[in-house]
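Participant: My questions will all concern the structure given below.
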Amino acid sequence: MRAVIAGSGSEIARNCVTNEALSRIMDTTDAWIRERSGVETRYYIDAGQKTSDLAVAAGQKALEHAGVAPSEVDLVVSATMTPDHFFPGNGGIIQTRLGIPAVPCFDIRQQCSGFIYGLGLVDAYLRTGMARTALLVGADVHSGFMPWREGSYRRLAGDVDAPLADGEWEVNSESRHLSVLFGDAASAVVVKAGDEGGRGVIDHILRADGADATKLCVPGIGFKHRPYVSAEQVEKHQYVPFMDGRYVFKMATTRMAEVAVELLTRNHLTVGDVKMVLMHQANKRINEYVQKMLELPDEKVIHNIHKYGNTTAATIPLLWDEAVRTGRIVPGDLVLMVAFGAGMTWGATLVRA
Ligand code: COA
């Protein structure tokens, strides 16, 4: 038995935010963002919306696409670094809102590698017969990390002259290397146990190294502090992620290329055998580097970072969903997925569509 991706669906947050709109609330420019990251637009949820809202909508579409009823699902895996609550996780919230029976629901926290890790977990359950039909959702909402206030949101929404509070511009600019990269979205796949024509997950490699955990992390708001959240941490904006951008860039290019080659080699394959490579969308320059290192022709690589930015656990299923719905991936195609994220975590998966 293999884990066959039987359907997919995505939900992008409603509000489109251009680079030009961001330049109304912080010291940045469209040219800088495009040149350094490839991002042109990203989408943010409305105030009051939650990660689970996007996750449930994506899950619903994936179930419909697969022709699977909620009652048939016997495993839910939610990959998110931005759950609705510190605890519990979103797995059970997705399960109950979709009308799925009281089956095992996991929440996993591997950030930008969340989907690859989730698919590994689903694959293990399906191969061993512990489940037959899984719903795997990658969903993240990054806008909530930002220290932006009412005036900033009004400007982003088009009120270009909305007043900013004292110091708001400076505070927004402090996290500009980070905030311009990310967007809010969810994407889900339904994965069924099957044994037709070699379809399904063929192999995967998952890796982690916690030595670099603090190179990309939320420095405050956690149980290394007592209490785990304090007014001081909030005042110092320690709920905003810290990122050593250059270091992360270097590690992402190295690890993604390395793990892709390792996985292909141990399956006696080359990039020539692969129809499409779906890379996590963190920075277009990272992926262009990896593409070059793997000597991949343009037609084997799809990007959508220009539209959505980095949506962490949602990036790879978003690419999959778009490629399947536009006919760029058809049943029988060999697809390589590669990701790198905070943790540090990384991995690659080979799937026959
Ligand atoms: N607008 C304008 N200028 C900005 C800016 C922004 N949004 N963000 C940073 N800058 C400035 C810096 O302050 C710096 O100015 P200085 O030269 O006067 O000091 C300059 O641009 C260069 O900054 P640097 O951080 O060296 O740029 P970079 O080329 O490394 O690009 C990232 C920054 C964040 C885009 C890049 O490092 C990156 O993508 N890293 C990986 C991030 C990632 O993938 N994260 C998710 C992991 S899964």
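The values are calculated or read from the model by the stated rules, or taken from the named source; none is laboratory data. Quick caveat: nothing in here was measured; it's all calculated off a predicted structure. Cβ atoms come from the backbone with ideal geometry, glycine included; neighbour counts cover every protein chain shown. Quick note on the areas: whole protein, heavy atoms, side chains included, nothing else; ligands and nucleic acids left out. Shrake-Rupley method; radii C 1.70, N 1.55, O 1.52, S 1.80 Å.
Participant: Quick one: work out Rg over Rh on the C-alpha atoms of the chain, Rh as Kirkwood radius. Intermediate values should be presented prior to the final figure.
Facilitator: Working: Rg = 19.7 Å, Rh = 20.5 Å.
Looking at the chain, the ratio lands at 0.96.
Participant: Okay, moving on. In deg cm²/dmol and to the nearest 500, what is the mean residue ellipticity at 222 nm of the chain if only DSSP H runs of at least 4 residues count, each as -39500 (n - 2.57), divided by the residue total? Please report the intermediate quantities before stating the final value.
Facilitator: Values: 13 runs with 119 residues, N = 353.
Rounded to the nearest 500, it is -9500 deg cm²/dmol.
Participant: Calculate how steeply helix 284-293 sits against the longest principal axis of the alpha-carbon atoms of the chain, using the helix alpha-carbon long axis, and give the answer as 0 to 90 degrees to the nearest 10.
Facilitator: Around 40 degrees separate the two axes.
Participant: Related question: Roughly how many Å is it from the Cα centre of the range 1-65 to that of the range 110-138, as a whole number?
Facilitator: A separation of 22 Å, based on Cα centres.
Participant: Still on this model: Each residue of the range 217-225 in turn: what ³J(HN,Hα) in whole Hz from Karplus with 6.51, -1.76, 1.60 and θ = phi - 60°, glycine and Pro shown as x?
Facilitator: 7, 8, x, x, 6, x, 7, 7, 9
Participant: Quick one: what do you get for the range 2-194 if you divide its Cα Rg by 2.2 N^0.38 Å? Mind showing how you got there, number by number?
Facilitator: Working: Rg = 18.7 Å, N = 193, 2.2 N^0.38 = 16.3 Å.
Its radius of gyration relative to the 2.2 N^0.38 Å reference: 1.15.
Participant: Roughly speaking, what % of Cα-Cα pairs in the range 129-178 are separated by over 16 Å, rounded to a whole number?
Facilitator: Numbers: 694 of 1225 pairs.
Counting every Cα pair in the range 129-178, those more than 16 Å apart make up 57 percent.
Participant: Quick one: of the DSSP bridges fully inside the chain, what percent are antiparallel, nearest 5? Kindly include the intermediate steps, with their values, before the conclusion.
Facilitator: Values: 40 of 55 bridges.
Of the beta bridges lying entirely in the chain, close to 75 percent run antiparallel.
Participant: On the protein heavy atoms, probe 1.4 angstrom, tell me the percent of accessible surface of the range 2-194 carried by carbon and sulfur.
Facilitator: Numbers: 3900 of 7640 Å².
Exposed carbon and sulfur together represent 51 percent of the surface.
Participant: If you don't mind, there's one more thing I want to ask. Take the cross-link list Lys192/Lys292; Lys215/Lys275; Lys250/Lys292; Lys192/Lys275; Lys61/Lys292 and give me the ones stretching past 26 Å between alpha-carbons. Before the final figure, lay out each step's value.
Facilitator: Details: Lys192/Lys292 34 Å; Lys215/Lys275 34 Å; Lys250/Lys292 14 Å; Lys192/Lys275 22 Å; Lys61/Lys292 35 Å.
Going by Cα-Cα distance, Lys192/Lys292; Lys215/Lys275; Lys61/Lys292 fall outside the 26 Å limit.
Participant: Once label points are set 7 Å from the Cα along Cα→Cβ at both Ser230 and Thr96, what is their separation, rounded to one decimal in nm?
Facilitator: Result for the modelled spin labels: 3.4 nm.
Participant: Can you give me the accessible area per residue for the range 2-194, using a 1.4 Å probe, in Å²? Display every interim value, and only then the final one.
Facilitator: Details: 7640 Å² over 193 residues.
Accessible surface, normalised per residue, equals 40 Å².
Participant: Amide H neighbours of Val17 under 5 Å, counting only residues 5+ apart in sequence or on other chains, H built in-plane at 1.01 Å?
Facilitator: Under 5 Å from the amide H of Val17 lie the amide H atoms of Arg42, Tyr43, Tyr44, each far enough along the sequence or on another chain.
Participant: Give the relative contact order (percent, whole number) for the chain; include only Cα pairs under 8 Å separated by 6+ residues. Could you put the intermediate results ahead of the total?
Facilitator: Working: 807 pairs, mean separation 91.9, N = 353.
Dividing the mean separation by the residue count of the chain yields 26 percent.
Participant: Rounded to the nearest angstrom and ordered from largest down, what semi-axes does the equivalent ellipsoid of the range 224-353 get from its C-alpha gyration tensor (root of 5λ)? Numbers along the way, then the final one.
Facilitator: Values: eigenvalues 210, 54, 35 Å².
With the √(5λ) rule applied to the range 224-353, the semi-axes are 32, 16, 13 Å.
Participant: How much of Glu196 can a 1.4 Å solvent probe reach, expressed as accessible area in Å² and rounded to 10?
Facilitator: Probe radius 1.4 Å; accessible area of Glu196 about 90 Å².
Participant: Calculate the FRET efficiency for Cys217 and His177 from the Cβ-Cβ distance with a Förster distance of 22 Å, rounded to the nearest 0.05. Working shown, then result.
Facilitator: Values: r = 15 Å, r/R0 = 0.69.
So the FRET efficiency works out to roughly 0.90.
Participant: Turning to a different aspect of this structure: Over the range 2-194, calculate the relative contact order: mean separation of alpha carbon pairs under 8 Å at least 6 apart, over the residue count, as a percent.
Facilitator: 36
Participant: Further question on the same structure: Once the whole set of protein chains is in place, how much accessible area is left on Lys307, using a 1.4 Å probe, in Å² to the nearest 10?
Facilitator: 70
Participant: With springs only between Cα atoms under 10 Å, which of Arg226, Arg246, Arg199 fluctuates most in a Gaussian network model of the chain?
Facilitator: Arg226
Participant: Can you give me the angle between helix 114-127 and the longest principal axis of the chain, using Cα atoms only, in degrees from 0 to 90, rounded to the nearest 10?
Facilitator: 30
Participant: Please list, in order along the range 172-182, the HN-Hα scalar couplings obtained from phi with the Karplus expression 6.51 cos²θ - 1.76 cosθ + 1.60 (θ = phi - 60°), rounded to whole Hz, x for Gly and Pro.
Facilitator: Computed from phi, the couplings for the range 172-182 are 4, 6, 4, 9, 5, 5, 10, 5, 6, 8, 9 Hz.
Participant: Hey, got the dipole for the chain? About the Cα centre, +1 on K and R Cβ, -1 on D and E Cβ, debye to the nearest 20?
Facilitator: Working: 36 positive and 41 negative charges, 123 e Å.
About 600 debye.
Participant: Using the Kirkwood radius over C-alpha pairs as Rh, can you work out the diffusion coefficient of the range 241-284 via Stokes-Einstein at 25 °C, viscosity 0.890 mPa s, in µm² per second? Before the final figure, lay out each step's value.
Facilitator: Working: Rh = 12.1 Å.
The estimated diffusion coefficient comes to 203 µm²/s.
Participant: Enumerate the calculated ³J(HN,Hα) couplings along the range 267-276 in order (Karplus 6.51 cos²θ - 1.76 cosθ + 1.60, θ = phi - 60°), each rounded to whole Hz, writing x wherever the residue is Gly or Pro.
Facilitator: 9, 6, 10, 10, 4, x, 7, 9, 7, 8
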